[in-house]
Amino acid sequence: MRTLVRALIATPAIGFAWLAYIYLTLPDVRPLRTENPTTTAWMELRDREALEKGRRPRRMQRWIAYNRISPDLKRAVLVAEDDAFWQHEGVDFEQLQESLEKDWARGRLLRGGSTITQQLAKNLYLSPSKNPLRKLRELIIARRLEAELKKARILELYLNVIEWGDGIYGVDAASRAYFQSNAASLGPSESAMLAAAIVNPRLLNPARPGMKLLRRQQLILRRMGVTTAPEESAQLAR
């Protein structure tokens, strides 16, 4: 009985200490108001993976200001990844609940459900781990990002740092690699193709799109209200 009482008394203290540790070790996001990050946790992870395989790491990235990014690209990414971006405060609780319920039903953590702000937090500071502690840090960092940065700045950071292929980071590098164009010139079709690849950028190649990527592109175009071109419909039908 004494052991049980001691355990019950100690549990809140341990929980408080654990939360305090998480909070105190969180990154300071305030410099991001005016400074563009020169690297991210995700880039460094990919560099280590390349070195472990005996390959030279590569990084293709060209920073582009928010107001120079194609409006079609911004819209396509929001439609594909986070259609409530302008309304939520970093965490879409309805989407998160749906994600957790589906994961619980499967008995494992599989589904996404992360907002763009959460994805940015993960890319900048964390790892792809499904660890619940990592997820908690992601949620807290996302709320910090929303508290310190304007929405447009969050989207600008996201579009400039996320992975879009092996060693390709950010929309301008992706646009030049796949379409030989800058990110300011992207139209609806190219924008939807890039947005469709975000879900798995190391397997879905916009330069050589397979059926899965083409179908995602068409779904995003429909959500954008863009009519599918006849030649694109014919390509999907084959």
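The values are calculated or read from the model by the stated rules, or taken from the named source; none is laboratory data. Small disclaimer: the values here were computed from a predicted structure and weren't measured. Cβ coordinates were reconstructed from backbone atoms using ideal geometry, including for glycine residues, and neighbour counts include every protein chain displayed.
Condition check ((1) under 29 Å from residue 70 (Cα atoms); (2) modelled with pLDDT of 70 or more) across all residues:
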residue: 95; (1), (2): yes, no
residue: 105; (1), (2): no, no
residue: 120; (1), (2): yes, yes
residue: 140; (1), (2): no, yes
residue: 151; (1), (2): yes, yes
residue: 156; (1), (2): yes, yes
residue: 168; (1), (2): yes, yes
residue: 172; (1), (2): yes, yes
Restrict the check to the range 77-95 and report whether at least one residue is loosely packed, with under 13 Cβ neighbours inside 10 Å and assigned to a helix (DSSP H, G or I). yes
Across (1) surrounded by 13 or more Cβ atoms within 10 Å (Cβ to Cβ); (2) of a type in the set (Asp, Glu); (3) part of a loop (DSSP other than H, G, I, E, B), residue 47 clears everything bar (3)
Among the numbered criteria (1) outside any helix (DSSP H, G or I); (2) at pLDDT below 95, which single criterion is violated by residue 64? (2)
Identify, by number, the condition in (1) in a loop (DSSP other than H, G, I, E, B); (2) in contact (Cβ under 8 Å) with a residue 40 or more places away in the chain; (3) touching a strand residue (DSSP E or B) at 6+ places or on another chain (Cβ under 9 Å) that residue 202 doesn't meet. (2)
Looking at the range 173-188, which of the residues that are closer than 12 Å to residue 60 by Cα and buried (at least 24 other Cβ atoms within 10 Å of the Cβ) is farthest from the chain's Cα centre (by Cα)? 175
Considering only the range 201-210, I want to know if a residue exists there that is loosely packed, with under 15 Cβ neighbours inside 10 Å, among the aliphatic types (A, V, I, L, M), farther than 30 Å from residue 50 by Cβ and modelled with pLDDT under 95. no
Scan the range 139-149 and give yes if some residue there is surrounded by fewer than 23 Cβ atoms within 10 Å (Cβ to Cβ) and within 12 Å of residue 206 (Cβ to Cβ), otherwise no. no
Take residue 26 and tell me if it is aliphatic (A, V, I, L, M), at pLDDT below 95 and in a loop (DSSP other than H, G, I, E, B). yes
